[in-house]
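The values are calculated or read from the model by the stated rules, or taken from the named source; none is laboratory data. Just so it is clear, the model here is predicted, and its values are computed rather than measured. Glycine gets a Cβ as well: all are built from the backbone with ideal geometry, and neighbour counts include every protein chain shown. Please note that ligands, DNA and RNA were not included when accessible areas were found on the heavy atoms of the full protein model with its side chains. Shrake-Rupley method; radii C 1.70, N 1.55, O 1.52, S 1.80 Å.
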There are 2 protein chains.
Amino acid sequence: MNEPAASLGSTIAATIRQWVVEGRLLPGQRLSEKQLAEQLEVSRNTLREAFRLLTQQGLLTHIPYAGVMVARPDLAAIIDIYRVRQLIECQAVADASPHHPAIARMAQAVEQARAAREEHAWLTVGSANIDFHRALVSLTDSPRIEAIYADLCAELRLAFGLVDDPARIHAPYIESNSAIVELLKQGENQQAATRLAAYLQQSERSLLAVYKG
Amino acid sequence: MNEPAASLGSTIAATIRQWVVEGRLLPGQRLSEKQLAEQLEVSRNTLREAFRLLTQQGLLTHIPYAGVMVARPDLAAIIDIYRVRQLIECQAVADASPHHPAIARMAQAVEQARAAREEHAWLTVGSANIDFHRALVSLTDSPRIEAIYADLCAELRLAFGLVDDPARIHAPYIESNSAIVELLKQGENQQAATRLAAYLQQSERSLLAVYKG
DNA sequence: TCGAATGTCATTGTTCAACAATAATCGGAT
DNA sequence: ATCCGATTATTGTTGAACAATGACATTCGA
């Protein structure tokens, strides 16, 4: 890996992000500056620097004089996230060229998901599904949109962290993804977008169902 | 002003952002930590905190051990910004309900622009145009998209800062905006989206033309 | 003279310690 | 038991210090 000059703050931020995504830090949990600074062996100032980055990315919530805590996506946040996904992903599919290189990456993600399903490696299935959607977004050829989507995914994983059965969430959509790839290859962008919209709606519903409990 | 708990860092960030948007700080200009800290009467640490916010928002560029400078949008950045605008705004218009309250705000912005044009207050015309598009984006009812768009606008104004004749940029589009409002009221969303796309394309072209020189 | 190696300097990165501001906690009075 | 006020712990902010890095000027050799 070629990292010319990653500041210590962003390194620490990456570590904390990893902890959050892994579920080592739970939503709503408060992060003490002094305690974390000692644990990570950095100064309070540097840790605060990392907090700012993650707060800006939506992974942490910062309340002045009350501290930072792992963001706890509420119903409104999930609805909002899916609204953005719908807007970005559907438009990306609608405007896609049938020969865009990203389509190959989408197909590859589908194959990877199929292989993982055979071995019941549900976590891998989940990762492949995320890869599929990231490739889909890169159809837009916009670094900015891809960056926005990356942040969105991090928050989404926060929400998925509460789901204990990844198979139910990710597995049923492999064939749907495959169909989208085929439609794109044939230039049937509108049908592909419709199919994608249906997937997103269903995914949102099953995620919201968890939050009702 | 009711600001219950705005940290000093974000206050300073707002000040610097204002300076950038006003053109008091020019793209590419280097910002010395010590100098700015003395000028703003805050500590270096607090100023760095503000830098982090603005860097994350794309207004400043940070190069390790070389300092922060006002971002200088290049051709690729402008193209990317307009790609995002196209994606967000067109979809917002396409999915809008004819009775959405934001449409009234759009109409109001058009009227404001017309009045300002009468008085040749071109700066006000420009602000009204920005208000129009912000209202348009709020058709999505997504706080997240509105936040993304706000950041985008700040960067866009950075690019507009190099244009010395705002009349040429903003004035011709007032009637186009008005037409979009009417089409939305009549539920002709697709036509409105087409019209909007044409506007964005033209706006992008005239902005790019400045950069060629 | 030109170019490269070297040393100096200014600036940024990071840490530390202290104090101020604020919120949470606890205890006492009614 | 409830409300009110003081205590306490935590965060916000500051200033100074030192290390790390990059830019610039100087010097030396060919």
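Data table
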quantity	calculated
Any hit, region B:113-133, residues being within 14 Å of chain A (Cβ to nearest Cβ), open to solvent by less than 60 Å² (accessible area, probe 1.4 Å) and either over 14 Å from B:S178 (Cα atoms) or not small (G, A, S) (or both)	no
Some residue of region A:61-69 being within 30 Å of A:L123 (Cα to Cα) and either at pLDDT below 90 or within 14 Å of chain B (Cβ to nearest Cβ) (or both)	yes
Checklist (1) of a type in the set (A, V, I, L, M); (2) open to solvent by 30 Å² or more (accessible area, probe 1.4 Å); (3) at pLDDT 90 or above applied to A:L36, failing item	(2)
Looking only at region A:55-71, and only at residues there that are touching a residue at least 60 places away in the same chain (Cβ under 8 Å) and surrounded by fewer than 19 Cβ atoms within 10 Å (Cβ to Cβ), the one that is farthest from DNA strand C (Cβ to nearest atom)	A:G58
Top-ranked residue in region A:93-110 [being open to solvent by 30 Å² or more (accessible area, probe 1.4 Å) and among the aliphatic types (A, V, I, L, M); ranked as nearest to A:A198 (Cα to Cα)]	A:A94
Odd one out for A:E89 among (1) open to solvent by 30 Å² or more (accessible area, probe 1.4 Å); (2) within 14 Å of chain B (Cβ to nearest Cβ); (3) under 20 Å from A:A159 (Cα atoms)	(1)
Test: A:R30 is open to solvent by 40 Å² or more (accessible area, probe 1.4 Å), touching a residue at least 24 places away in the same chain (Cβ under 8 Å), more than 14 Å from DNA strand D (Cβ to nearest atom) and not assigned by TED's automatic domain parsing to the domain that holds A:G126	no
Checking B:A76 against (1) at pLDDT 95 or above; (2) open to solvent by less than 70 Å² (accessible area, probe 1.4 Å), the condition it does not meet	(1)
Whichever residue in region A:55-97 is on the phi > 0 side of the Ramachandran plot and within 16 Å of DNA strand D (Cβ to nearest atom) and, among such residues, is farthest from the chain's Cα centre (by Cα)	A:Y65
Filter result (part of a helix (DSSP H, G or I) and surrounded by 22 or more Cβ atoms within 10 Å (Cβ to Cβ)) within region B:138-151	B:L139, B:T140, B:I145, B:Y149
Neighbours by Cβ (under 8 Å, 6+ apart or cross-chain): first from region B:94-123, in the same structural domain as B:P172 (by TED's automatic domain parsing) and in a loop (DSSP other than H, G, I, E, B); second of a type outside the set (A, V, I, L, M, F, W, C) and open to solvent by less than 50 Å² (accessible area, probe 1.4 Å)	B:D95/B:T140; B:D95/B:N189; B:A96/B:N189; B:P98/B:G187
Residue satisfying condition, being within 8 Å of DNA strand D (Cβ to nearest atom), open to solvent by 20 Å² or more (accessible area, probe 1.4 Å) and under 21 Å from A:Q56 (Cβ atoms), within set B:R17, B:R52, B:R48, B:R44	B:R44
Exclusive hit being of a type in the set (S, T, N, Q) and touching a Pro at 6+ places or on another chain (Cβ under 8 Å), set B:S7, B:S32	B:S7
Meets criteria (over 26 Å from A:S10 (Cα atoms) and within 16 Å of DNA strand C (Cβ to nearest atom)) for B:E41	yes
Subset of region A:134-155 [away from chain B (no Cβ under 13 Å) and of a type outside the set (G, A, S)]	A:R134, A:L136, A:C153
Any hit, region A:182-202, residues being outside any helix (DSSP H, G or I), free of Cβ contacts under 8 Å to residues at least 24 places away in the same chain, buried (at least 17 other Cβ atoms within 10 Å of the Cβ) and out of contact with any strand residue (DSSP E or B) (no Cβ under 9 Å at 6 or more places or on another chain)	no
